[in-house]
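S.K.: This is the structure I have questions about; it appears just below.
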Amino acid sequence: MVSKLTGSKRATQFTESVIREMTRLSQRHGAVNLSQGFPDFPAPAAIKEAARAAIAADLNQYAVTWGAQRLREAIAREFTRRHGLRVDADAQVTVCCGSTEAMMAAMMAIVDPGDEVVVFEPFYENYGPDAILSGATPRFVALHAPAGPAASGPWWFDPGELAASFTDRTRAIIINTPNNPTGKVFSRAELETIAALCRKWDAIAIADEIYEHIVYDGRRHVPIATIDGMADRTITINGLSKTYSLTGWRVGWTIAPPALTAAIRKVHDFLTVGAPAPLQEAGAVALGLPDAYYAELAAGYRRRRDLLLEILGHHRFSCHVPEGAYYVMTDIAGFHAADDVEFARYLVQEIGVAAVPGSSFYRTSGEGRTSLRFCFCKRDETLREADRRLARHSGRDVCLCSVPDLAERDT
Ligand code: PLP
């Protein structure tokens, strides 16, 4: 008889997160962790102070299940102020335990088993298990790496390939812009192409916009909800994690039309009841920070981006220059490693630098085997330590060159 003391069929269809595993390996080997995307610098003092004050004021019991009033109002107000689209805090905003829960709650709220969900590939690895757990059948559409010298041009999709992935079974498409792992920022024209397909096939856009404020070189983030006819069919997902360097607080949210919000709230209620109450109060303070905060955030990341690109370039990694978010995808074909997983293990164990194997962002077998993702949401000294370690390497079957030490340079 087959034992029943095992995980469910659903739970055996996906593996542990490779990204989180790389963080554990990094800790075990004392490596510089450029794998999981969390900052190693402090969060803004005013937000931390607001959390302390909320706990001291005894805001320590359950918040309203769909989110503290002040936070929902701040989320609605800011979206309207920045993007000119009216959002009703009472009918359209649901606060969740991070945008991770927001995505899961959204998928479970709108997808029936067998429904298809279009996903651009490479994708943030959570979307795979999200699809399996909600019963969705994912339809992958390639985001193609820029051709020619790796550093030039944005990642792109073929509108014909995208159109062919929509059918009358398509329930939704997931759009992550600015994008993890590619750094792509979807242009208005690209979003219009996607929006036209959503309207044609009566599909929902689920937009993960968690890197909204981290865009470079004069680019602007465009929420797909603001494209004609999309406000009524878009679930926008965002959170405190990346914008305010608060990944451990677990506060995220959805903005969606009232009918979809009602479904999301039911799923959210029974998944988690609610996000941490005092941290939601502090979240309302975060959303009230002045525009200068966001400008500095983006400028700081741009500087770190350029530093990491320079370091990786010195070590012969061929890099795709990100337009947004805080990751660099590299092409490691030139290193003649067996594959990305072996190379990532080698780097973390022998060199002391953790990165994420590219294949963890693909479901299509064999894809991503020649890429690694490095993050740069780290202090300059952390990035410089990574540089020193990469330079220390010599010999073996992979060949990293040593580079001038950047430690003394003023960045
Ligand atoms: N969405 C994307 C695209 C991410 O890259 C991440 C984290 O790396 C998340 C969601 C998770 O966000 P949160 O901390 O709000 O759950």
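The values are calculated or read from the model by the stated rules, or taken from the named source; none is laboratory data. What you are looking at is a predicted structure, and each value in this text was computed from that prediction instead of being measured. Here the Cβ is made from the backbone with ideal geometry for all residues, glycine too, and neighbour counts use every protein chain on show.
S.K.: Report yes if some residue within the range 20-31 is closer than 27 Å to PRO276 by Cα, outside any loop (DSSP other than H, G, I, E, B) and modelled with pLDDT of 95 or more; otherwise report no.
M.R.: For the range 20-31, residues closer than 27 Å to PRO276 by Cα, outside any loop (DSSP other than H, G, I, E, B) and modelled with pLDDT of 95 or more: absent.
S.K.: In the range 176-202, which residue that is surrounded by fewer than 24 Cβ atoms within 10 Å (Cβ to Cβ) and outside any helix (DSSP H, G or I) is nearest to the chain's Cα centre (by Cα)?
M.R.: Step by step, filter the range 176-202, then rank; the result is SER187.
S.K.: Can we say ILE55 is within 16 Å of the ligand (Cβ to nearest atom), assigned by TED's automatic domain parsing to the domain that holds VAL251 and in a helix (DSSP H, G or I)?
M.R.: Considered against the rule, which asks whether it is within 16 Å of the ligand (Cβ to nearest atom), assigned by TED's automatic domain parsing to the domain that holds VAL251 and in a helix (DSSP H, G or I), ILE55 comes out as no.
S.K.: Do you know which residues across the range 230-281 are of a type in the set (S, T, N, Q) and assigned to a strand (DSSP E or B)?
M.R.: THR234, THR236, ASN238, THR254
S.K.: A further question on this structure: Keeping to the range 8-19, report how many residues are under 30 Å from GLU385 (Cα atoms) and either surrounded by 12 or more Cβ atoms within 10 Å (Cβ to Cβ) or among the hydroxyl-bearing types (Ser, Thr, Tyr) (or both).
M.R.: 3
S.K.: Go through the range 82-111 and report how many residues are in a helix (DSSP H, G or I) and within 16 Å of the ligand (Cβ to nearest atom).
M.R.: The qualifying residues number 11.
S.K.: While we're here: For the range 141-189, how many residues are of a type in the set (Gly, Ala, Ser) and modelled with pLDDT under 95?
M.R.: Looking only at that region, the number is 7.
S.K.: I need the full set of residues from the range 203-229 which are within 16 Å of the ligand (Cβ to nearest atom) and not in a loop (DSSP other than H, G, I, E, B), in order please.
M.R.: ALA205, ILE206, ALA207, ASP208, VAL215, ILE224
S.K.: May I pose another question? Right, THR243: surrounded by fewer than 24 Cβ atoms within 10 Å (Cβ to Cβ), within 12 Å of the ligand (Cβ to nearest atom) and in the same structural domain as MET108 (by TED's automatic domain parsing) or not?
M.R.: yes
S.K.: Okay, moving on. Out of the residues in the range 367-411 meeting the condition of being small (Gly, Ala, Ser) and at pLDDT below 85, tell me which one is nearest to GLY313 (Cα to Cα).
M.R.: SER402
S.K.: Looking at GLY114, GLY135 in this structure, which one is out of contact with any Cys (no Cβ under 6 Å at 6 or more places or on another chain), under 19 Å from LEU271 (Cβ atoms) and away from the ligand (no atom under 16 Å from the Cβ)?
M.R.: Going through GLY114, GLY135 in turn, the sole match is GLY135.
S.K.: In the range 287-332, what count of residues is obtained for those that are of a type in the set (Gly, Ala, Ser), farther than 26 Å from ARG388 by Cβ and over 17 Å from the mean Cα position of the chain (by Cα)?
M.R.: Within the range 287-332, residues that are of a type in the set (Gly, Ala, Ser), farther than 26 Å from ARG388 by Cβ and over 17 Å from the mean Cα position of the chain (by Cα) number 3.
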